[in-house]
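Scroll down for the structure; my scribbles are underneath it.
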Amino acid sequence: MIDLRSDTVTKPTAAMRRAMAEAEVGDDVYGEDPTVNRLEERAAEITGKEAALLVPSGTMGNTIAIKCLTRHGQEVICESRGHLLNYELSMTAWFSGCLIRSVDTPDGILTWDRIQPVIRPAGPHAADTGCIELENTHNMAGGTVYPPEVLREVCARAHALGLRVHLDGARIFNAAEACGASVRDLCEPADTVMFCLSKALGAPVGSMLAGPRDVIAQGRLYRKRLGGGMRQAGVLAAAGLVALEETPPKLAEDHANAKMLAEGLANMRGVRVEPAVPATNIVIFDVGATGLAAAELSARLRGRGVLINPIGPTTLRAVTHYDVSRADCRRALEEIAAALPGR
Ligand code: TLP
């Protein structure tokens with residue numbers, strides 16, 4: 001099977017498995033797991049933040065960040081296709097008691113001119129804005145990347161109004177690779193950042209939440225409340241430490257494979273790729289003009305050994321990662337062409 005459903009499907013490498021087997025561990029709820037402590041220090045260093053926290057998932061990292069940056073009854077500004085709004089089981093409402101104020105954009109990039117009009121002070125009718133959330137890369141917009149100056153401007157203007165910014169950087173290493181900036185530079189303007197070890201970086205489990213020391217200390221308590229206090233989590237952290245060193249240099253290859261997939265798809269009759277040239281490892285394409293529903297194409301492809309998820313009635317998402325090679329991507333294109341009508 002060529003699995004292009006997500007980069008979450010990556011399996012740990014031999015080096016990660018070795019590190020997991022040999023990891024020095026302790027009880028992390030007591031703060032005594034040396035490998036977790038090392039990973040948290042390393043994540044803080046990479047993101048340029050005071051402290052970091054290992055959490056079991058990206059969803060938990062975002063949930064804790066929003067809880068720390070808001071009060072019950074506030075609004076969180078978020079792009080309308082954002083993961084926070086659409087794929088986290090309403091955690092912003094459920095755990096933080098906040099409503100999401102969503103903003104449409106053509107490309108997933110929230111610029112200040114779109115944010116500013118929906119910022120609200122508390123009033124007799126309106127809930128006030130608690131914080132702003134940005135997603136870099138933007139998953140459902142097709143792995144789009146914030147220009148670093150947009151990140152800086154949004155955060156500076158938000159801070160000037162006393163608002164804090166959380167960055168969903170699930171794929172921040174892909175963003176850094178694509179725009180030639182360091183992860184640290186991309187995280188610097190935001191107050192808190194979540195990034196995933198278990199997506200393009202390839203570790204089996206885990207995400208990191210980084211930010212100011214007091215926020216992370218508070219976040220540690222919320223993690224426990226959510227049932228995310230893990231014990232000998234060093235076995236997971238060990239793989240994360242390897243992923244942080246081993247995988248970032250390989251991401252350019254995933255991005256090149258995504259570009260090749262996009263080019264091949266764009267040459268198929270009735271297929272539209274959006275954006276035409278993917279910036280990172282996510283390719284979103286629409287097959288509406290072929291007359292085939294996305295779910296039907298996905299089912300046909302499964303029968304041909306290629307896994308690609310539908311994300312809408314006529315749209316699908318293919319994600320490249322280190323467990324699919326260039327040859328796999330070429331084969332996927334052949335199978336898609338064969339599965340489409342008119343052959
Ligand atoms: N994204 C998953 C699905 O949930 C859609 C995927 O396959 O891409 N932020 C962003 C931008 C994400 O893409 C994801 C996962 C998360 C947060 C949540 O991470 P997890 O799955 O670890 O809770």
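Which loop-located GluC sites (Glu not before Pro) does segment 18-118 contain, where loop means any DSSP state but H, G, I, E or B and the Cβ has at most 15 other Cβ atoms within 10 Å? Could you put the intermediate results ahead of the total?
On the way: sites: 22, 24, 32, 40, 41, 45, 50, 75, 79, 88; in loops: 24, 32, 50, 88.
Taking segment 18-118 and a limit of 15 other Cβ atoms within 10 Å, the loop GluC sites (Glu not before Pro) found are 24, 32, 50.
What are the principal axis extents of the Cα atoms in segment 250-339, in Å, biggest first?
36, 26, 21
Give me the number: length gained by fully extending residue 326 to residue 18, i.e. 0.36 nm times residue separation minus the C-alpha to C-alpha distance, one decimal in nm.
This chain segment gains 108.2 nm when fully extended.
Anyone know which of 173, 285, 95 comes out most mobile in the 10 Å Cα GNM of the chain?
Comparing 173, 285, 95 in the GNM, the peak value goes to 95.
Going toward the positive end of the dipole of the chain, with +1 on Lys and Arg Cβ and -1 on Asp and Glu Cβ, which of 93, 39, 179 do you reach last?
The residue sitting most towards the positive pole is 93.
Any chance you could look up the accessible area of residue 100 with a 1.4 Å probe, heavy atoms only, rounded to 10 Å²?
40
What does the accessible area per residue of the chain come to in Å², with a 1.4 Å probe and no ligands, DNA or RNA counted?
Here the per-residue accessible area is 41 Å².
Tell me which residues come under 5 Å, amide H to amide H, from residue 164 once H is placed; ignore anything under 5 positions away on its chain.
Placed amide hydrogens put 132 under 5 Å from residue 164.
Separation between the residue 87 and residue 253 pseudo-spin-labels, each 7 Å from Cα along Cα→Cβ, expressed in nm?
Roughly 2.4 nm, to one decimal.
Work out how much length residue 105 to residue 156 would gain on full extension: take 0.36 nm times their residue separation and subtract the Cα-Cα distance, in nm to one decimal.
Answer, rounded to one decimal: 16.3 nm.
Relative contact order, percent, of the chain when contacts are C-alpha pairs under 8 Å separated by at least 6 residues?
24
Label residue 334 and residue 304 with points 7 Å out from Cα along Cα→Cβ: what is the distance between them in nm?
Result for the modelled spin labels: 1.1 nm.
Magnitude of the Cβ-charge dipole of segment 241-343, K/R +1 and D/E -1, about the Cα centre, nearest 20 debye?
So the magnitude is around 440 debye.
Using the crude model of +1 on Lys and Arg Cβ and -1 on Asp and Glu Cβ, and no other charge, please compute the dipole size for segment 216-296 relative to its Cα centre, in debye to 20.
That gives a dipole near 640 debye.
Find which of 339, 68, 165 sits farthest along the positive direction of the dipole of the chain, computed with +1 on the beta-carbon of Lys and Arg, -1 on that of Asp and Glu, about the Cα centre.
Result: 339.
Tell me what the chain gives for mean residue ellipticity at 222 nm when only DSSP H runs of n ≥ 4 count, each as -39,500 (n - 2.57), the sum divided by the residue total, rounded to 500 deg cm²/dmol.
-12000 deg cm²/dmol
Please list 3J(HN,Hα) in residue order for segment 326-334, calculated via the Karplus relation 6.51 cos²θ - 1.76 cosθ + 1.60 where θ = phi - 60°; whole Hz, with x for glycine and proline.
Taking θ as phi minus 60°, the curve returns 4, 4, 4, 5, 4, 5, 4, 4, 4 Hz for segment 326-334.
Output wanted: per-residue J couplings in Hz (rounded whole) for segment 58-65, from phi through Karplus 6.51 cos²θ - 1.76 cosθ + 1.60, θ = phi - 60°, x for Gly and Pro.
Couplings: x, 4, 5, x, 5, 4, 5, 4 Hz.
Let me check I have the definition right: for the chain, take the eigenvalues of the Cα gyration tensor, multiply each by 5, take square roots. What are those semi-axes in whole Å, largest first?
33, 26, 17
Using only the alpha carbon atoms of segment 18-175, find the Kirkwood hydrodynamic radius as the inverse mean reciprocal pair distance, in angstroms to one decimal.
Hydrodynamic radius (Kirkwood, Cα pairs) of segment 18-175 is 16.9 Å.
Using unit Cβ charges (K, R positive; D, E negative) and no other charged atoms, how large, in debye to the nearest 20, is the dipole of the chain about its Cα centre?
Details: 37 positive and 41 negative charges, 154 e Å.
Magnitude of the dipole: close to 740 debye.
How much of the accessible area of segment 7-246, in percent, comes from carbon and sulfur atoms when a 1.4 Å probe is used?
51
First obtain the Kirkwood hydrodynamic radius of segment 190-343 from its Cα pairs, then insert it into the Stokes-Einstein equation at 4 °C and 1.567 mPa s, and state the resulting D in µm² per second as a whole number.
Estimated via Stokes-Einstein, D reaches 73 µm²/s.
In a Gaussian network model over the chain where Cα atoms closer than 10 Å are linked, find which of 313, 148, 56 has the largest mean-square fluctuation.
313
Set the bar at 28 Å for Cα to Cα. Now go through 67/259; 49/199; 224/250; 11/67 and name every pair that lies beyond it. Provide the component values of the computation, followed by the final result.
Values: 67/259 37 Å; 49/199 21 Å; 224/250 34 Å; 11/67 31 Å.
Check vs 28 Å cut-off fails for 67/259; 224/250; 11/67.
Taking every DSSP beta bridge with both residues inside the chain, roughly what % is antiparallel (nearest 5)?
Working: 19 of 37 bridges.
Rounded to the nearest five, the antiparallel share is 50 percent.
Could you check which residue among 93, 237, 279 shows the biggest mean-square fluctuation in a GNM of the chain with a 10 Å Cα cutoff?
Ranking 93, 237, 279 by mean-square fluctuation puts 93 first.
The values are calculated or read from the model by the stated rules, or taken from the named source; none is laboratory data. Everything numeric in this text was worked out from a predicted model, so none of it was measured. So basically every Cβ, Gly included, is an ideal-geometry build from the backbone, and we count neighbours across all protein chains shown. Remember, those area values only see protein heavy atoms, side chains included, never the ligands or the DNA or RNA. Shrake-Rupley method; radii C 1.70, N 1.55, O 1.52, S 1.80 Å.
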